[in-house]
Amino acid sequence: MPAPSSKRRRTSSSSADADAADADADAALPPAARWTGALSSADASRYARHVSLPSFGALKQAALHRARVLIVGLGGLGSPASMYLVSSGLGSVTLADADVVELSNIHRQIAHRESAVGLAKVASAAATLRAMNSRCDVRTVEARLAPANALDLVRGHDVVLDCTDDVKTRYVISDACASAGVPLVAAAAVGTEGQLTVYCRASAKSVGGVAANTSEKETVAALPLDEEEEEVPPCYRCVFPTPPATRDCASCAGSGVLGPVPGVMGVLQATECIKVLTKHLGRGGGERTLAGRLLMYDAFGGGSMFTHVKLRKRRADCVACGADGTSSGGAWMKTYDYDAFINGNNACAAVKKEAGEEGDGRELYARNLERITPTELREMLTTPTGRGLDVVDVRPRGLYDAAALPGARHVSEYVFPNLWCERPDVMNAAWDRKKPTIVFVCSRGIASKRAAEKYAREIYDEYTTLRDERRKGRTVYGEPELPENMVRILDVVGGMERWRADVDPTFPKLV
Amino acid sequence: MPRIKVLYFARAREVTGGLADETHDLPDDECHTDALRLALVAKHPGLESVLRTAVFAVNQEYSDGRVSLSERDEVAVIPPISGG
């Protein structure tokens, strides 16, 4: 169908001609007859669909052209968020990220091309964004946001987007935004779920940054600077004063993520950012942003894919956004011990665990536990002993389905009732006193160690129950055999990652 | 025995073995968020550390401290997600 495309070409070239003719006529016209407006001729045409949108219009478009946004993290969220903001006509964007593009990133991090694997994410994203919109001033900072540099980076921007995948960085960004008085549009995504809200708010000073360039006097007057007029939203720390324990921090690398899910969240994040940037130009306080509310998205949530909850108010005594935090201008951040704060919940969990393990016969139940290397496992797999070898894979099911050891079976790390019932050969070998071997394997050797210990403890508990029943004369069975004489329980140090490094380089890299 | 509906999100859903929601019956004289937290941890030990961090929203609103609950109240356990 060549006709439509040639027609389009003709139309576009004739409209370019018309623009040029307009410019000539414009220059020739006396000032009293020249058109005036908030946008240049080229911008008014390029953003015509924003201009004609009744709830948006040329003034908001002009505000976008003046706006400066900091995007921290150019991954699954930062890619679509930056692409929509820049294509929408954002004036200036600073991209901050210390990572390089990896092959496993690009199923969702759509700002990066295959050819960018190995390049810095900020360089790759900047190239994509500049190609989309040459008028946007794209700046890059190839560094991780840290307490030492966060305040300087955040200052000078009208809005910050948190697109990171790290808990500590999330607190650092929020603290810096609370201290510098810059609104923070924070999104997160993992698995099939996402979260989005707007933390903090613009201080009079930082709003002035946008307002200073505004020619419209009434615009400045309409800025919601009076705290009584508008509720001050909380910061990340107000809502989550206790950081999650490390084991509760799901990451895209560890738990997986459905490609479009961060896409959905990043696009919503860009939309919220535009609302925050242009809010002062709206009637009656502007469009309502997500400040004070947390939006939650679950792609597999059935009937309720989107829900939201009302968040708490700002904490008056918050270390970051309370009076003390903001009055110091964030100076406290440079001496604050972020690592101790982040590890606080872990320490709590560890103490509890130790206390719980006291006196429950750790040495006894752990006697038949051993750790082996992938090379040793290879020997076991290739040297049949006839005693029964049961390889139990506790990685997430998807990883097992993608690639697993021959004969290995999949069992959830969290639930593995009656392991032996599914393997009569192993059970019989145990009854025949052949001492079969159960090998737990996972991705990196952490979950497998946990699972092996859990299993060893379970069968030891079973043994003590039987033994106590016997001693109380409540059973006709003989003295139960010690678990250590019945079965060897092994787990593989370094897991399948080390298997790939030491034994089989063709095993796919999955984490 | 007021019946409370509990919704699990993100990590909370993981440690409950993939449960999106369930119901809990609380005794009439102990029908508040503290009692519910204890009941949840007793049933799902993995929730212990999660609950220290998560937003505990009662009828779609953030709750802090002990809040009394009544029949058909809906409580959402919302841990922060940090992936991106």
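No lab work stands behind these numbers, since they all come straight from the coordinates. Everything quoted here is computed from the prediction, not taken from an experiment. So basically every Cβ, Gly included, is an ideal-geometry build from the backbone, and we count neighbours across all protein chains shown.
Going through A:V239, A:V267 one at a time, which residue ends up being surrounded by fewer than 24 Cβ atoms within 10 Å (Cβ to Cβ) and facing another protein chain (nearest Cβ under 7 Å)?
From the options A:V239, A:V267, the qualifying one is A:V239.
Within segment B:1-43, how many residues turn out to be more than 10 Å from chain A (Cβ to nearest Cβ), closer than 24 Å to A:I342 by Cα and not in a helix (DSSP H, G or I)?
1
Starting from segment A:174-192, take each residue that is more than 14 Å from chain B (Cβ to nearest Cβ) and list its partners that are hydroxyl-bearing (S, T, Y) and crowded, with 24+ Cβ neighbours inside 10 Å, counting only C-beta distances under 9 angstrom and pairs at least six apart or across chains.
Going by the 9 Å Cβ cut-off, the qualifying pairs are A:D175/A:Y236; A:C177/A:Y199; A:C177/A:Y236; A:A178/A:Y199; A:A178/A:Y236; A:P183/A:Y199.
For residues in segment A:242-262 being more than 7 Å from chain B (Cβ to nearest Cβ) and aliphatic (A, V, I, L, M), which is farthest from A:A111 (Cα to Cα)?
Top of the filtered list is A:A253.
Quick check: anything in segment B:71-78 within 13 Å of chain A (Cβ to nearest Cβ), under 30 Å from A:S251 (Cβ atoms) and in a loop (DSSP other than H, G, I, E, B)?
no
Could you check how many residues of segment A:139-165 are aliphatic (A, V, I, L, M) and either without any contact (Cβ under 8 Å) to a residue 24 or more places away in the chain or not in a strand (DSSP E or B) (or both)?
So the count comes out to 8.
Condition first: within 12 Å of chain B (Cβ to nearest Cβ) and surrounded by fewer than 21 Cβ atoms within 10 Å (Cβ to Cβ). Now tell me which residues in segment A:149-166 satisfy that. Lay out the reasoning, then the answer.
The first filter runs over segment A:149-166 and keeps only residues within 12 Å of chain B (Cβ to nearest Cβ), leaving A:161-166.
Matches in segment A:149-166: A:D166 only.
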